[in-house]
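The values are calculated or read from the model by the stated rules, or taken from the named source; none is laboratory data. Remember, it's a predicted structure, so these values are computed and weren't measured experimentally. No Cβ is skipped: glycine too gets one built from the backbone with ideal geometry, and neighbour counts run over all protein chains shown.
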Amino acid sequence: MLKDYSLNALRVFALAANATSFKHAAQHLGLSQSAVTRHIQTLEDQLGTSLFHRDNRVYALTPAGRVLARQLLPLFQQMQHAVQQTQLCGDEELTTLRIMVPDSLLRFWLAQRLADFNALYPHIRLHVLTFADVYGASVDAHAQQDLQQGTVDVLVSAGKVKDRTLKQQRLYMPQFVPVAHPQSYDAAILTWFVATDSSLWKRAQGKLSHDSKQAAAQNVSSSNLAIDLVNALPGFALADRLWLEHPQLQQLQRSADVTIDADTAVYVSYKQSTHHPVSVVAFSKWLASRIEHAQPKS
């Protein structure tokens, strides 16, 4: 019966028989050469026949070894293919994770780190949705509704959602810093690109230098638009310190001594459950860990 033979030894033999040497087979299997030899000797003892001729360190298949080798490798290849297909079917059904995040967080921080998550959790497929974030605004109402109705699995937002059925974890407290176009300090006319009615802008005005306060303020609807404008035109904007490593912000001049706290912390939220899906827990822990390590040191 097949159960009487070592499946691992059969696999080692199948690879060794089709490799150029035991050494190459060992490298492919991640084993030592002596371990490959032991597996084959175990199989020969179980079969009661030699599978390799051994003469002056030259290894050649015996007639019995050739018969077994022709049959085994295709079988193991079929088994590997069947396992891969099973994993793909299971993953598609069980581990597609729908996340919703502010568009500025995705653009300036999260997008360039998703490859890291995919490498750690290749069986989890992320479906990423975004909503427009406005300076100083709390959680988006439509995003909150999508989470509560179950069309989104995980929500990342500024502020908590008022819903006791949700588990909510604080990620970080954003701090904003002024950033400026490289030519701003040589320009005659300067503009602040900000949400002029936001509490963040009102607090920022109390910390700005006299020269910065002289610039006019142009109302913009989102952080993304503000950064795009300040990259193109002489002027200033407010940027979350978490974003500062992004290429579009690295070329901007930054204030070294002015920081403005956001109105509220950023949270990750998902439905309370006795047993949370593995994908939800994995993404939430990964996100919290990466944000913690990315926080600029004061």
Self-check item: Filter pass, LEU238 being at pLDDT 85 or above and assigned to a strand (DSSP E or B)
Solution: yes
Exercise. Return the only residue of LYS202, LYS207 being free of Cβ contacts under 8 Å to residues at least 24 places away in the same chain and basic (Lys, Arg).
Key: LYS202
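Across region 146-159, what is the total count of residues that are touching a residue at least 24 places away in the same chain (Cβ under 8 Å) and surrounded by fewer than 17 Cβ atoms within 10 Å (Cβ to Cβ)?
Total satisfying the criteria: 2.
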Quiz prompt | Among residues of region 274-293, those that are in contact (Cβ under 8 Å) with a residue 40 or more places away in the chain and either under 15 Å from VAL101 (Cβ atoms) or exposed (fewer than 12 other Cβ atoms within 10 Å of the Cβ) (or both), counted | solution = 9
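Matching residues to (1) of a type outside the set (A, V, I, L, M); (2) farther than 23 Å from ALA195 by Cβ; (3) part of a loop (DSSP other than H, G, I, E, B):
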site: ASN224; (1), (2), (3): yes, no, no
site: LEU229; (1), (2), (3): no, no, no
site: GLU245; (1), (2), (3): yes, yes, yes
site: GLN248; (1), (2), (3): yes, no, no
site: ASP263; (1), (2), (3): yes, no, yes
site: TYR270; (1), (2), (3): yes, yes, no
site: HIS276; (1), (2), (3): yes, yes, yes
site: VAL280; (1), (2), (3): no, yes, no
site: LEU287; (1), (2), (3): no, yes, no
